[in-house]
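Novice: This structure is in structure tokens; I'll ask about it shortly.
The values are calculated or read from the model by the stated rules, or taken from the named source; none is laboratory data. Because the structure is predicted, anything quoted here is derived from the model rather than measured. Using ideal geometry, Cβ is built from the backbone for each residue, glycine included, and neighbour counts are taken over all protein chains shown. Accessible surface areas use protein heavy atoms only, side chains included; no ligands, DNA or RNA. Shrake-Rupley method; radii C 1.70, N 1.55, O 1.52, S 1.80 Å.
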Amino acid sequence: GDNFPVGTTTVTYTATDNAGNTAACSFDVTVVNDLTITLDSVWDASCADTLDGQVFLTSAGGVGPFGFDWDHDGTGDYDDMLDQDGLGAGTYNLTAVDSTTGCTATAMAVVNEPTPLIVSVTSVDPSGCGIADGSANATVTGGTLAYTFDWDNDGTGDNDDTEDLSAISAGAYVLVVTDASGCVASASAALS
């Protein structure tokens with residue numbers, strides 16, 4: 001029933017009989033901190049369907065050596081690193097074990113991702129051959145605001161265009177949209 005501090009404490013018991021004879025015995029009691037796992041931070045995946053999420057944790061207590069087993073690569077092997085990277089959206093569970101004491105600890109981390117960046121284009125054909133009165137209107141959903149637009153009718157890679165094109169002639173037009181996280185989606189329009 002005694003409460004001992006973390007570390008090793010020498011305990012001595014002395015017994016005395018009715019005749020006054022005494023005997024003593026001593027032994028060491030070692031108290032080890034329980035193994036704990038603390039979730040420090042989670043970095044969500046930057047784009048839908050990308051594998052760049054990260055999880056950072058701290059372990060404390062125990063004696064060691066420690067084994068860490070994340071469930072996204074099978075379970076029971078205890079061959080993982082404590083921190084994880086290259087993660088997509090999902091729920092990840094960790095079991096840690098102190099190989100000396102057998103104590104275990106668990107943690108869970110949820111990696112999120114933004115909604116997918118989706119681009120669609122509707123177009124209006126020019127009124128006649130050689131007339132530049134057609135248009136291409138983009139609709140963008142998901143991702144992370146703000147968006148940049150790059151139509152290929154004035155070169156590519158400049159990301160300096162407007163969302164929609166007007167006063168265009170017949171031809172094929174490709175739009176590449178980049179969101180604030182660097183996620184990219186594209187769509188095209190063919191005007192005749």
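Novice: Please identify the pairs in which a residue from region 153-168 that is closer than 16 Å to VAL184 by Cβ has its Cβ atom under 9 Å from the Cβ atom of a residue that is among the small types (Gly, Ala, Ser), counting only partners at least 6 apart or on another chain.
Specialist: Note: pairs meeting the criteria are GLU163/ALA138.
Novice: Which of the residues spanning region 117-151 are surrounded by 18 or more Cβ atoms within 10 Å (Cβ to Cβ) and β-branched (Val, Ile, Thr)?
Specialist: Correct list: VAL119, VAL121, VAL140.
Novice: Tell me, please, whether a residue that is part of a loop (DSSP other than H, G, I, E, B) and either over 18 Å from SER59 (Cα atoms) or open to solvent by less than 70 Å² (accessible area, probe 1.4 Å) (or both) can be found in region 90-100. Please lay out each step first, then the result.
Specialist: If we filter region 90-100 for residues that are part of a loop (DSSP other than H, G, I, E, B), which is where we start, we get 99-100.
The next check asks that each one be either over 18 Å from SER59 (Cα atoms) or open to solvent by less than 70 Å² (accessible area, probe 1.4 Å) (or both); those that pass are none.
No: region 90-100 contains no residue that is part of a loop (DSSP other than H, G, I, E, B) and either over 18 Å from SER59 (Cα atoms) or open to solvent by less than 70 Å² (accessible area, probe 1.4 Å) (or both).
Novice: A further question follows. Can you tell me which condition SER192 does not meet? The list is (1) surrounded by fewer than 14 Cβ atoms within 10 Å (Cβ to Cβ); (2) touching a strand residue (DSSP E or B) at 6+ places or on another chain (Cβ under 7 Å), and all the others hold.
Specialist: (2)
Novice: Could you tell me whether region 145-159 includes any residue that is polar (S, T, N, Q) and at pLDDT 95 or above? Reasoning before the result, please.
Specialist: Step one: list which residues in region 145-159 are polar (S, T, N, Q), which gives 148, 153, 156, 159.
Keeping just the survivors that are at pLDDT 95 or above gives 148.
Yes.
Novice: Pull up region 32-77, narrow it to residues that are more than 17 Å from GLY90 (Cα to Cα) and touching a residue at least 60 places away in the same chain (Cβ under 8 Å), then point me to the one that is surrounded by the fewest Cβ atoms within 10 Å (Cβ to Cβ).
Specialist: THR38
Novice: Quick check, is ASP28 modelled with pLDDT under 90, assigned to a loop (DSSP other than H, G, I, E, B) and either closer than 30 Å to ALA185 by Cβ or open to solvent by 60 Å² or more (accessible area, probe 1.4 Å) (or both)?
Specialist: Details: modelled with pLDDT under 90: yes; assigned to a loop (DSSP other than H, G, I, E, B): no; either closer than 30 Å to ALA185 by Cβ or open to solvent by 60 Å² or more (accessible area, probe 1.4 Å) (or both): yes.
Here the answer is no, as ASP28 does not meet what is asked.
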